[in-house]
1. Within region A:135-155, which residues are within 13 Å of another protein chain (Cβ to nearest Cβ) and buried (at least 17 other Cβ atoms within 10 Å of the Cβ)?
2. Quick one: which of A:79, A:86 is acidic (Asp, Glu), closer than 19 Å to residue A:186 by Cα and either touching a residue at least 24 places away in the same chain (Cβ under 8 Å) or buried (at least 18 other Cβ atoms within 10 Å of the Cβ) (or both)?
3. Across region A:92-111, what is the number of residues that are more than 26 Å from the chain's Cα centre (by Cα) and not aliphatic (A, V, I, L, M)?
4. Is it true that residue A:228 is of a type in the set (A, V, I, L, M), touching a His at 6+ places or on another chain (Cβ under 9 Å), more than 14 Å from chain B (Cβ to nearest Cβ) and part of a helix (DSSP H, G or I)?
5. Answer yes or no: is there a residue in region A:171-183 that is under 23 Å from residue B:63 (Cα atoms) and of a type in the set (A, V, I, L, M, F, W, C).
6. Which of the strands (runs of 3 or more DSSP E) found entirely inside region A:112-195 contain at least 1 residues meeting this: closer than 26 Å to residue B:76 by Cα and within 30 Å of the chain's Cα centre (by Cα)?
7. With A:190, A:150 as the choices, which residue is free of Cβ contacts under 8 Å to residues at least 12 places away in the same chain and over 19 Å from residue A:121 (Cβ atoms)?
8. Which of (1) acidic (Asp, Glu); (2) touching a Phe, Trp or Tyr at 6+ places or on another chain (Cβ under 8 Å); (3) crowded, with 18+ Cβ neighbours inside 10 Å is the odd one out, the single condition residue B:114 does not satisfy?
Amino acid sequence: MTRHKQKSRARLLRSLYMWHRWLGLAAAAFVIVLSLSGLLLNHTGELALDSRHVHSRSLLDWYGIRVPGEMRSFPVGADIVTQVGDRIYWNTTQVPQLSARLIGAVNLEDFAAVAIEGELLLFSRSGNLIERLGGAAGVPAGMQAVGVSPGGTLAVHAAHGYYQTDDMFLEWSETGTLDAEWAQAETPPPELRAALEQAWRGAGLSLERVLLDIHSGRILGSWGIYLVDAAAILFLLLAASGIWLWSRRRAGIREHRKRRAANSR
Amino acid sequence: MIRSLPLVLLFACNMAVARGTYQEPADFIAETFDSAPPSPGIIWLRGDTRDTTTAILGHKYPSLRVRYWGDPQRSAWILEEIGKDQPITVGLVVSGGRLERIKVLVFRESRGWEVRHPFFTDQFRETGLTGDLDLDRDIDGISGATLSVRALKKLSRLALYLHTRIPEGDDTP
């Protein structure tokens with residue numbers, strides 16, 4: 001090998017070392033993010049990532065999670081029942097396993113009665129669900145409005161007329177007309193509105209979703225995917241250049257040892 | 001791909017048919033009492049009743065009171081329990097301390113709907129409670145429907161237990 005060739009080869013090796021070092025530095029950020037998110041995702045079950053929700057306003061905004069449509073509230077004593085999207089809230093607590101249109105809510109002597117499509121829910125003063133009544137319990141079909149009758153019991157305006165029930169909701173009776181105080185939908189007060197908005201949005205984005213999106217790059221939109229693709233190519237280049245440099249170095253050492261052995265003979 | 005399309009469609013249709021209302025709860029009650037259901041009664045889940053109910057289900061019943069139709073000899077119940085994610089609505093009839101009938105009325109889950117078939121629900125007939133509040137006979141499970149089977153077993157035990165809480169001599173509460 002000529003001296004000129006040896007020199008250019010050493011230059012190439014040095015520049016490859018430099019490139020390898022810079023590529024490694026650039027890849028470090030990706031390695032940290034991908035390793036951490038991957039580690040957490042590997043233990044989704046144990047960490048309950050799918051049931052933990054993100055409450056960061058900026059992150060929820062980034063995902064475009066917004067409350068759909070208008071909120072409709074019905075005051076029941078000191079509490080307020082509100083429909084947000086397809087969910088129903090007792091103050092700021094979501095009523096579980098419920099996804100229906102809120103018809104109305106009234107405050108009675110012993111209970112608060114909340115009417116949704118096809119069902120009537122009875123709540124205690126502290127907001128605990130006492131009973132869920134359907135057609136089998138005599139709840140009239142096609143409820144349009146609920147109110148309080150002059151006798152203080154629940155009044156229902158349904159598809160086929162007006163109905164009243166007793167104070168324990170055991171018997172129903174149909175009446176011609178009913179002069180009741182019908183529940184009217186209101187706009188929730190601003191502070192409740194803000195709290196409900198946060199509660200609704202907070203339930204919409206799980207920590208698992210965010211971590212998956214960080215891991216795949218989708219959190220940055222379609223460009224994020226290309227960025228993670230670029231990182232993957234970077235890792236491949238690093239691995240290839242690393243192996244090549246290691247093999248060159250090994251060959252150099254072997255050559256050097258051989259030369260030294262020949263000289264010593 | 002095109003060859004397997006009918007199979008995929010068949011499976012999708014089956015899933016769509018599996019979920020839904022098999023019988024309205026009101027119709028189940030009417031059928032149980034030959035179209036003349038008695039006035040309903042109420043069991044409040046308080047104190048011991050609440051503790052036992054929680055022990056049977058493994059969690060609190062979602063409401064504070066449960067409605068029944070009938071008397072201490074024969075009663076009908078509409079109860080709900082979550083299989084995997086969604087509640088399964090079940091109609092149960094208890095007669096003389098033993099299950100007379102159990103029927104899945106509304107099924108909302110995407111899997112485990114096989115529990116609605118009579119070949120499964122018929123096993124519960126004449127089943128009673130042991131002293132430990134377990135069913136006094138074995139119920140064969142259905143592979144792929146473990147959680148729904150478990151939900152129905154729990155509801156059977158619950159109905160049998162709640163039947164014992166109906167006040168004596170309170171025929172029309």
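The values are calculated or read from the model by the stated rules, or taken from the named source; none is laboratory data. These numbers were taken from a predicted model, which means no experiment stands behind them. Because the Cβ atoms are built from the backbone with ideal geometry, glycine has one as well, and the counts that use them run over all protein chains shown.
1. Matches in region A:135-155: A:136, A:137, A:138, A:139, A:140.
2. A:79
3. 5
4. yes
5. Looking for residues that are under 23 Å from residue B:63 (Cα atoms) and of a type in the set (A, V, I, L, M, F, W, C), one finds at least one in region A:171-183, hence yes.
6. Strands (runs of 3 or more DSSP E) meeting the threshold: A:112-116, A:119-123, A:129-133.
7. The match here is A:190.
8. Here residue B:114 meets the rest and fails (3).
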